[in-house]
Amino acid sequence: MRAFIRLFDFSSWPIWAKLSAGFLLAIVLPVSVVVFIAGSRMLSLSGQSLRIYMNENGERQRLNIQAALDRAQSDIEKFATNPDNTNQIIGLLLSNVQTNPPLPLSGASATQVADLLRNELFGPAGNLFDTVLVLNRQGIVVSAASETNLVSTLFGRDDSDTPAFTEAINMRDLNQAVTLSRSPLVSVHITQAIRWRDGTVLGFIVAALSNEQVFYNQLAFASDSYPAYSFLVGGIEHEYIFSPAVGLVEARQSVQDSPVVALALEGETGLINYTMPDNQEILTYYGAIYDPAQPDTVLLALVSEVSAAVQVNTVLNYFAGARTFALVVGPVVLLFLLVILFNQTITLPLLGLRSAIQAMARRDYDQPVQATQRQDEIGTLNAAFVDMRQQVRGQINVLETRIAAQSRDIATTQEISRFAASQRDLQVLLDKVVDLIVERFSSIYHAQIFLLDEVGEYAVLRASTGEPGRELLSRGHKLAVGSLSVIGRVVEQGRIIVARDTATSEVHRRNEFLPDTRSELAIPLLLGGAIIGALDVQSRRPDVFEPDEISVLQTMADQITVVIDNARLYQDTLRVREEIQQANREATLRAWREFMYEQRYRELVSEAGVNTGSDLTDLRHRALQNGRITIGEVTARGTIPVAVPIQLRGTTLGAVEWELPAGELNETKLQLAQELANRMAIGLDSTRLFEESQRATERERIVNSIAAKLTPQTAIEDILETAVREIGEALHLPHVSIRLHGEQKNGHDR
């Protein structure tokens, strides 16, 4: 009974049944099938008709154009092979040619030849030529004709640089050539050679074909039913385009985009579809137009094109009028029925589901979903959404917890990095690190850092947290490398060791100051593969250290290692720099002491200005001792005595002392005085170095001079005499003596 009732319960129907009922009520299915079949059949027939039309029309155009070209070539050839015509033209050409012996002349004039050309080649049957020129061997127009007699102005024109003449002089044994040119319009020229009895070329007949008669009239279509267009293309780069003005734009675009031009110029003929860059589909007929003078050579490519969309337009035209009304009313009725159907059975439940999804995006997971009790697909979808929403809520809570933990870890790592960058004191830095670890990781209640001693025998506690840490530090807590303890094993093996439960761990060593430890983690501090210490953290809960937390602590341990190394390097740098500075100061002081000793003075003094008679000895001594500007008390004269040390590379050489009016003393003058004193120190040192270099140079000169005078001497007496004399003169000594001692025997020299 329930199954029978459910059969008539529309809300329990599956969606496909509801959609089928709606389409059947609107009678859409039969109408759609009929329209589809009829439209497809008509579209197919229209496509076949269009292909037949384009193929037949293209063949007709190609044959007509080829026939017109052949006729034009034949007319020129017949005219040139007629002896009467040839004799008159040869006579005209010979009138300007000097030969030895002279050739006989016929006496024909340029005007007579022009009339002959017009009468023979321009007839009432349809003119295939625009103009016909007679050129001599130099390319000069000696006669010309057209359909009218208005071309006498062409007589004497130089056409030697035209493509037709260039092709003519290269014909050699041929009598005819067909040339494409642009002068300025695109045109086709047929060139006929005029020869003397011995085969010598005397000149040429150059006929310009009429584009209208030969090409454009032939490119017309037999019917206006289709918006088709045709054009001709020639040249290596497809630069010659023959097209009526109404289709010139389409022709130029097709030459750029169509793939059939090259095929037609290779002698192929066919019908293909291709797609333009604007996604328009084009049906194209293509064929070859051959050179009438050289039948094996393709002269032009014929291209006829029409948009393939005309097939669809034909079908649409078929359904115009009453058919259009039926096709419009049907969908309107169908749309009306579908709106009612979808609104009642699908749209409203889906709108409720959408509202619940939007509320979920706002982190509202409690908005009710009404359609969960339905038995069809909509009800199943709503029920599945409710289940998914609950799972998403749980996953988000888990992710938020993990993100918060990761953010905490990143913030802790960043804070350690910032503190390490600004702190040079290693002990302060280690204390800060362990405090941050305990503060930021709720599961850790104690943290400490061990560093190996100089011999690598013990791991010495350097930083620890809380009162237990202070007690351990005060006792100098240390653990032997390799001892039975977490730290001992870590600094020996260089790997992370975790005691997840101290009650059962074999490596944990109980500490009386940390009795609450239930789990312990130790991470080695590795520097270039060498173990320098360990980071140790402890928790009151067993098995508390997760892989993510261990990874973060490993990163911190790596940072601590780098910071320790940087701090050591910094301390070494300071020490080396201080040693260098001290060596520089000692060297400078020693050099000046030797200089002053050589000067035979206790001090060098120079005075300038007004001598006040004040005794500034004590003030000067204080400036020399502390190496800073020293200012005395205001004197009865309203002046202030000042002593400025003269410093060079950290060594005080002396002092500058003077008195200034009390109202004029300020910080700027003091800075200027110190700068001047420093500059003076540099100048004094430069002078000392210069004098020392001069003395060294003078000593070297004297020694070299004496050595030069001693070298030529060969007798000992002469050497001694010369040495005594030269040394006395060099040192300005009144008496110099040299005594040589032999070995003593019985207390007397030998």
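Any read-out appearing in this document is the output of simple, stated calculations on the displayed coordinates, not a laboratory observation. Quick caveat, the model's predicted, so the values are computed rather than measured. A quick note on method: Cβ atoms are made from the backbone with ideal geometry, for glycine too, and the neighbour counts reach across all protein chains shown.
Loop-resident GluC sites (Glu not before Pro) (DSSP state other than H, G, I, E or B) in the stretch 658-750 with no more than 13 further Cβ atoms inside 10 Å of their Cβ: Glu743.
Equivalent-ellipsoid semi-axes for the stretch 423-573 (Cα gyration tensor, √(5λ), whole Å, largest first): 23, 16, 16.
Close amide-amide hydrogen proximity is noted between Phe221 and no other residue 5 or more places distant or on a separate chain, at a cut-off under 5 Å (H modeled in the peptide plane; Pro and chain starts excluded).
Placing dummy labels 7 Å off each Cα toward the beta-carbon, the span from Thr617 to Ser152 is 13.4 nm. Under a model in which nothing but the beta-carbon of Lys, Arg (+1) and Asp, Glu (-1) is charged, the stretch 477-565 shows a dipole of about 280 debye around its Cα centre. Full extension of the chain between Ile738 and Arg649 yields a length gain of 27.5 nm, computed as 0.36 nm times the residue separation minus the alpha carbon distance. Ellipsoid semi-axes for the stretch 603-706, based on the Cα gyration tensor and the rule √(5λ), read 36, 14, 12 Å when sorted largest first. Under 18 Å from the Cα of Lys478, which aspartates and glutamates turn up, not counting those fewer than eight places away in the same chain? Straight-line reach from Lys478, under 18 Å: Asp431, Asp453, Glu454, Glu457, Glu467, Glu492, Glu512, Glu520, Asp536.
Under 18 Å of direct C-alpha separation, and excluding same-chain neighbours fewer than eight residues apart, Lys709 reaches these aspartates and glutamates: Glu698, Glu700, Glu717, Asp718, Glu721, Glu726, Glu729. Using Cβ point charges alone (K and R +1, D and E -1), the dipole size of the stretch 423-573 about the Cα centre works out to roughly 140 debye. Here's the list of aspartates and glutamates a cross-link from Lys432 could span, going by alpha-carbon distance under 12 Å and ignoring same-chain residues fewer than 8 apart: Glu415.
Applying 1/(1 + (r/R0)^6) with R0 = 51 Å to the Cβ-Cβ distance of Val562 and Thr687 gives a FRET efficiency near 0.55.
Each residue, Gln294 and Asn170, gets one label point 7 Å from its Cα in the Cβ direction; the gap between the two is 0.9 nm. Ordering of 528-540, 111-123, 153-165, 134-146 by packing is 134-146, 528-540, 111-123, 153-165, highest average first (other Cβ atoms within 10 Å, averaged per residue).
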